[in-house]
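Report on the following structure.
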Amino acid sequence: MTNNECKEKLTGIIALLRLSGIGRGRYHSLIKAFGSTEHIFKASIKQLEEVPKISHSVASEIQNNLKLDEAKTIAAKIIDLGWNVHFHNNDSFPKQLFSITAHEIPPVLFSIGREISFDDKLIGIVGARHATEQGKQFAYSLATSLANAGVTVVSGMAEGIDSTAHKGTLDAKGHTIAVWGSSLDIVYPPSNKALAELLKKEGTVFSEYLPGTSPMKNHFPQRNRIIAGFSDGIVVVEAGQKSGALITAEVGLSYQKQLFAMPGFPGSKMSIGTNQLIKNGARLITSIQDIFDELPLLKGEIAAKQFVSLPEMTDIEKKIIHLFADGPKQVDNISREVRLSVPELMEFLLALELKGIVKELSGKRFTLSEEYA
């Protein structure tokens, strides 16, 4: 896509999202109905009202209050800043984020730094801003271990655990992703300015906010959904009773992500949240091995005894069968780990069934056939 094509598409999205009453949900409904912002802007009020959740007042807003010149100026600024632009329906959009609830997927994301790929292994590390030294030491050590194992660490660049996780990864020469609650031209907290510059050069920084957007309280829960969406699993290192890290954990669970929590002393305020997560079923974590036990695909090791004489397969089919090394897997879990939608996954599973490699069990579970088990 050329800069001019990008600017034109971005202009339409910005103009639509800046209208009163248009959020991500209505945006996606309109795009689904009309295919592009250009067709949305040409639609009649009657046609717009046929879209679910588009009232007469919202349809009138689209017809009468578009500010395309303002949107064009903002789009031009984004291009001039050199930000990478990722449209939700383009190939450059991070496929990991399709694990987010459909109406919550960002229509457009901006990034600076290294591109990420479909095959990247990602673990989120989040926790308290006012973390203890023990908590920061654990986050740093875990991030370093993950980096050495080729796993990308995802966090939010907040003070405390988040920043420590980024630093541990960078010190180990690994890759880390920071998701911001402000636009990419505004560093928050300001004390992390040096870290922000390092992340832009050696890692990746993402934001869904337009230039000049300051951090606001409601931005951080929104940022947390993107952290959860990126991550194959989420580690909460320390969290008070009302910590933002718990929001990330809750959202991650709704996206069917594996949750880990560092245990703490029962009387510690910074351990109230993590201890409760463990009580509610999160995996207690003391080392990187706990992550590999739950998510063996991240380790990159294959149980070779099961895959000696398999017929020819595609790379994705190989990824799928590697998950059966430890026994049957449920469809939703396979979908999450290989980053395919369930309908896409079912096509591959059917092909593997026809090849006689896997078989279906009750409860939407699959396993290797007897010949290869």
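The values are calculated or read from the model by the stated rules, or taken from the named source; none is laboratory data. On a predicted model such as this, the values are computed, not experimentally measured, just so you know. Note that we place each Cβ from the backbone using ideal geometry, even for glycine, and neighbour counts take in every protein chain shown.
In this entry, Glu317 passes the filter for residues that are more than 25 Å from Ala139 (Cβ to Cβ) and at pLDDT below 90. The single residue among Tyr140, Tyr188 that is part of a loop (DSSP other than H, G, I, E, B) and more than 18 Å from the chain's Cα centre (by Cα) turns out to be Tyr188. Gln137 falls short of the stated requirement of being surrounded by 19 or more Cβ atoms within 10 Å (Cβ to Cβ), of a type outside the set (Phe, Trp, Tyr) and either in the same structural domain as Ile285 (by TED's automatic domain parsing) or in contact with a strand residue (DSSP E or B) (Cβ under 8 Å, 6 or more places away or on another chain) (or both).
The single condition among (1) in a helix (DSSP H, G or I); (2) aliphatic (A, V, I, L, M); (3) in contact with a strand residue (DSSP E or B) (Cβ under 9 Å, 6 or more places away or on another chain) that Ile234 does not meet is (1).
Considering each of Lys121, Lys167 in turn, give the residue that is closer than 28 Å to Phe265 by Cβ and touching a helix residue (DSSP H, G or I) at 6+ places or on another chain (Cβ under 9 Å). The conditions single out Lys167. Scanning region 173-212 for residues that are hydrophobic (A, V, I, L, M, F, W, C) and touching a Phe, Trp or Tyr at 6+ places or on another chain (Cβ under 9 Å) returns Ile177, Ala178, Val179, Trp180, Leu184, Ile186, Val187, Ala196, Val205, Phe206, Leu210. Residues satisfying the criterion are present in region 148-162 (criterion: surrounded by fewer than 24 Cβ atoms within 10 Å (Cβ to Cβ) and in a helix (DSSP H, G or I)).
Listed conditions (1) surrounded by 21 or more Cβ atoms within 10 Å (Cβ to Cβ); (2) closer than 21 Å to Leu170 by Cα are all met by Phe110, apart from (2). Yes or no: Leu122 touching a strand residue (DSSP E or B) at 6+ places or on another chain (Cβ under 9 Å) and either of a type in the set (Asp, Glu) or within 20 Å of Val236 (Cα to Cα) (or both)? So Leu122 passes the test. Whether a residue is out of contact with any Cys (no Cβ under 6 Å at 6 or more places or on another chain) and either closer than 25 Å to Phe93 by Cβ or at pLDDT below 95 (or both) was assessed, and Glu208 passes this test. Please pick out the residue among Ser111, Ser20 that is touching a Leu at 6+ places or on another chain (Cβ under 8 Å) and either within 30 Å of Ser231 (Cβ to Cβ) or not aromatic (Phe, Trp, Tyr) (or both). The unique qualifying residue is Ser111.
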